[in-house]
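Everything on this sheet refers to the single structure shown next.
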Amino acid sequence: MSEEMFPEPEWLSEEVKTGTTIIAVTFDGGVVLGSDSRVSAGESVVNRVMNKLSPLHDKIYCALSGSAADAQTIAEIVNYQLDVHSIEVEDDPLVCSAATLVKNISYKYKEELSAHLIVAGWDRKKGGQVYATLNGLLSRQPFAIGGSGSFYIHGFVDAEYRKNMTKRESQEFVVNALTLAMGRDGSSGGVAYVVTIDKDGAEEKCILGNELPRFFDQ
Amino acid sequence: MEKQHSYSQVKGVSTGTTILAVKFNGGVIIGSDSRASMGESYVSSKTINKLIQVHDRIFCCIAGSLADAQAVTKMAKFQLSFHSIQMESPPLVKAAASIMRELCYSNKEELQAGFITAGWDRKKGPQIYVVSLGGMLLSQPFTIGGSGSTYIYGYVDAKFKPDMSLEEAKQFSINALALAMGRDNVSGGVVHLVVITEPGVKHIVVPGDKLPKFHDE
């Protein structure tokens, strides 16, 4: 039986996935998006500080999960399409339009792509909105979670979400949910990125690991 | 979504369940849902009781193949009653858990079940032990198991406090089970709870319509 002395590192052959936790929540006047920062290829972490919240327009962001390459590509294509669209209509695009563009690509290339993007933002017509676009579905929701880490926090977000939270409460809700998911999911971790979007624009924040809230741990 | 189904179908057994055990000030609560499923689409029983009494103040709950679990708990019950006669005193919770662990570890190739053993004894008071699939034994202040448990890790991590009162622990368990049953399609039915304290054992059943409702219901 012959064995390799130095087997090839996993990350050379494994697909790069953003096994991840992403969440977006509406509050009265805007939305808050959050994500972790770990990118894994098989069992190796290839990037521990990646920002998975990608701007599609001034006040519209999307959160990436699934295959890193697929998700980034979709975000770039939609960014371009939205720019063209906003020039044509001579106004800021609607969040619904951005979500529809993402959905169109996800649905048309359903078999080839494996990425799930949550689109969230603020527009003048309907205020803060969150859209989930899993596998080509388009669904407007008060909040959405996605990625491998999201399974562990379904119970938590179901129990803790309340309608009409303030901006501060929503940010806390997002940070708590991310912390809990990162604590249990092996493919989520690193730092937490939080983006708050309201009528005045988008504010990005990065919360380091040691500044995250602590929960019961034995 | 796809990943979630694949690991709960290892070797074709049903792990469709949500079980938990919580230590509170003066006792333990052990709880489960009541659904037994074959595959993912057939509910073979809506009201099965997964909390098995192995001694006066020691209960077990099972996640995994129901057949394996019943065989193991039957053997454990028998060995435990022998042991308590020899010792001339009620068995320790750790003894019950160790018996399960021996059985799981020596038969680790054939068995597909994990156990939560919880109870009260005079030496250490309320205790919870987890015996996992390969035969590892671990003592914890609270624990969750079964396919539905993945959805409530975040909730229990956030909400558990050591030394809760009986009422708080009961509410914690009911909420956690209700949330898991709301998201896991192979958990459901009613909530079975058993409260074990020094004076005795109480069995509480919470039917589906009395479960707490959350924001989207």
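The values are calculated or read from the model by the stated rules, or taken from the named source; none is laboratory data. Predicted model, so just to flag it, every value in this text is computed and none were measured. Every residue, glycine as well, gets a Cβ built from its backbone with ideal geometry; the counts of neighbours run over all protein chains shown. With ligands, DNA and RNA removed, areas are computed over all heavy atoms of the protein, side chains included. Shrake-Rupley method; radii C 1.70, N 1.55, O 1.52, S 1.80 Å.
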query = Within the range A:79-94, how many residues are in contact with a Pro (Cβ under 6 Å, 6 or more places away or on another chain) and of a type in the set (A, V, I, L, M)?
reply = 1
ask   = Among (1) assigned to a loop (DSSP other than H, G, I, E, B); (2) surrounded by fewer than 16 Cβ atoms within 10 Å (Cβ to Cβ); (3) in contact with a strand residue (DSSP E or B) (Cβ under 9 Å, 6 or more places away or on another chain), where does A:A69 come up short?
value = (1)
query = Looking at this structure, is A:H154 in contact with a Phe, Trp or Tyr (Cβ under 6 Å, 6 or more places away or on another chain) and under 24 Å from A:S40 (Cβ atoms)?
reply = yes
inquiry  = I'd like the full set of residues that are among the hydroxyl-bearing types (S, T, Y) and open to solvent by less than 70 Å² (accessible area, probe 1.4 Å), limited to the range A:74-110.
reply    = A:S86, A:S97, A:T100, A:S106
ask   = Within the bounds of the range A:142-158, is there any residue that is open to solvent by 60 Å² or more (accessible area, probe 1.4 Å) and either free of Cβ contacts under 8 Å to residues at least 40 places away in the same chain or more than 12 Å from chain B (Cβ to nearest Cβ) (or both)?
value = no
note = Inside the range B:86-113, the number of residues satisfying the requirement of being farther than 14 Å from B:S65 by Cβ and open to solvent by less than 20 Å² (accessible area, probe 1.4 Å) is 5
ask   = Can you pull out the residues in the range B:132-143 that are within 12 Å of another protein chain (Cβ to nearest Cβ), touching a residue at least 12 places away in the same chain (Cβ under 8 Å) and open to solvent by 50 Å² or more (accessible area, probe 1.4 Å)?
value = B:S139, B:Q140
query = If you go through the range B:144-186 one residue at a time, how many are touching a residue at least 24 places away in the same chain (Cβ under 8 Å), assigned to a helix (DSSP H, G or I) and more than 11 Å from chain A (Cβ to nearest Cβ)?
reply = 6
message = For the range B:53-92, give me each residue that is hydrophobic (A, V, I, L, M, F, W, C) and in contact with a Pro (Cβ under 8 Å, 6 or more places away or on another chain).
response = B:I58, B:L80
